[in-house]
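*Asks:* After the structure tokens below, expect a handful of questions from me.
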Amino acid sequence: TFGKADHGFKAAKAGVAAQRALADEAAGDAVVEAARAFWSVKLARELGYMLDDGIEEIGKAVERMNARTGADAPSTQDRQRVAVLLAEAKSQRADALAGERQALAGLRALTGIPDADVEDSELVAVAFKLPAAINGQNRPQARAAGLGVIAYDELTKFQGAFYFPDLVLAAGAQFARAQGVDDPPSAFANDPYTPSAEPVWSWT
């Protein structure tokens with residue numbers, strides 16, 4: 001076939017490998033998004049705890065202000081400032097709660113676990129040193145691109161092979177025997193009942 005089969009098989013193998021690399025890319029993206037959702041839940045809850053403490057302290061300050069009377073009583077402006085601060089803290093607490101619920105819903109959607117949740121350990125800083133250089137040759141996108149080039153190159157050679165004809169060599173043999181049948185009277189007569197094993201060759 002002048003390379004048709006060989007180039008076709010190579011193109012198919014490269015295409016399958018490229019699709020597997022793209023599947024690895026999709027799996028890696030899912031892992032990254034799941035990790036992002038996990039730490040988003042942790043961060044939102046940590047912020048919520050901080051805001052709860054702040055709201056509690058502001059509430060105590062308001063009580064102390066209300067207990068002050070006479071010349072030591074707080075002014076109207078001071079009361080308004082504290083009220084605005086308390087309202088801002090409660091608003092930020094509501095935003096943190098909404099962010100926590102959204103991140104938790106994303107985590108459950110990505111993991112496929114309806115009741116997935118994060119552990120209750122304290123959120124602490126992690127020391128991590130970034131590498132000086134990142135090699136992109138092992139990335140799924142780079143591997144898929146390289147394999148795609150190979151597949152297209154093999155398909156080009158595959159199509160080019162159609163300029164040449166396909167040659168087929170076929171061989172066959174036949175054997176027939178029938179007892180009780182007399183030999184033909186002439187050597188030139190057709191005798192399909194006597195033993196014969198003559199190969200038949202044909203070119204296409």
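The values are calculated or read from the model by the stated rules, or taken from the named source; none is laboratory data. On a predicted model such as this, the values are computed, not experimentally measured, just so you know. Reconstructed Cβ throughout: ideal geometry from the backbone, glycine too, with neighbour counts over all protein chains shown. Protein only, heavy atoms only, side chains kept; ligands, DNA and RNA dropped before computing areas. Shrake-Rupley method; radii C 1.70, N 1.55, O 1.52, S 1.80 Å.
*Asks:* At Glu57 and Lys129, where each label point lies 7 Å from the Cα along Cα→Cβ, what is the point-to-point distance in nanometres?
*Replies:* Each label point lies 7 Å from its Cα, and together they span 3.7 nm.
*Asks:* Let me check against my output: what whole-number percent is the relative contact order of the stretch 29-166, with C-alpha pairs under 8 Å and at least 6 apart?
*Replies:* Computed value for the stretch 29-166: 33 percent relative contact order.
*Asks:* Also: Using the basic label-point model (7 angstrom from Cα toward the beta carbon), what is the Ala71 to Val32 distance in nanometres?
*Replies:* It works out to 6.7 nm between the two label points.
*Asks:* Computed from the mean reciprocal separation of all distinct C-alpha pairs, what Kirkwood hydrodynamic radius does the stretch 81-156 have, in Å? Don't skip to the end; give the middle numbers.
*Replies:* Values: mean 1/r = 0.0549 Å⁻¹.
Computed over the stretch 81-156, the radius equals 18.2 Å.
*Asks:* Sort the stretch 48-95 into rounded, prolate or oblate with this rule: let a ≥ b ≥ c be the square roots of the eigenvalues of the Cα gyration tensor; rounded if a/c is under 1.5, and if a/c is not under 1.5, prolate when a/b is larger than b/c, oblate otherwise. Write out the running numbers ahead of the final one.
*Replies:* Working: a/c = 5.02, a/b = 2.11, b/c = 2.38.
In terms of gyration-tensor shape, oblate.
*Asks:* Only residues of the stretch 1-27 count here: report those whose backbone N is under 15 Å from the spot 7 Å along Cα→Cβ of Lys157, or say none.
*Replies:* Flagged as within label range: 1-15.
*Asks:* Let me ask something else. Of the heavy-atom accessible surface of the stretch 38-129 (probe 1.4 angstrom), what whole percent is carbon and sulfur? The partial results should precede the final answer.
*Replies:* Numbers: 3820 of 6680 Å².
Its accessible area is 57 percent carbon and sulfur atoms.
*Asks:* Moving on. If you look at just the Cα atoms of the stretch 1-120, how large are its Rg and its Dmax in Å?
*Replies:* 28.1, 106
*Asks:* By how many nm would the segment from Ala173 to Thr111 lengthen if fully extended, with 0.36 nm per residue of separation less the alpha-carbon distance?
*Replies:* Values: separation 62, 0.36 × 62 = 22.32 nm, distance 6.39 nm.
In short, 15.9 nm is gained.
*Asks:* Express the accessible area of the stretch 18-145 per residue in Å², computed with a 1.4 Å probe while the remaining protein chains stay in the model.
*Replies:* Numbers: 9330 Å² over 128 residues.
I get 73 Å² per residue for this part.
*Asks:* Under a straight-distance cross-link criterion of Cα-Cα below 20 Å, which aspartates and glutamates are reachable from Lys4, leaving out those fewer than 8 residues away in the same chain?
*Replies:* List returned: Asp153, Glu154, Asp166.
*Asks:* Further question: So for each of 119-127, 166-174, 43-51 I average, over its residues, the number of other beta carbons within 10 Å; can you give me the resulting order with the highest mean first?
*Replies:* Details: 119-127: 6.7, 166-174: 9.1, 43-51: 16.9.
Descending packing order for the listed peptides: 43-51, 166-174, 119-127.
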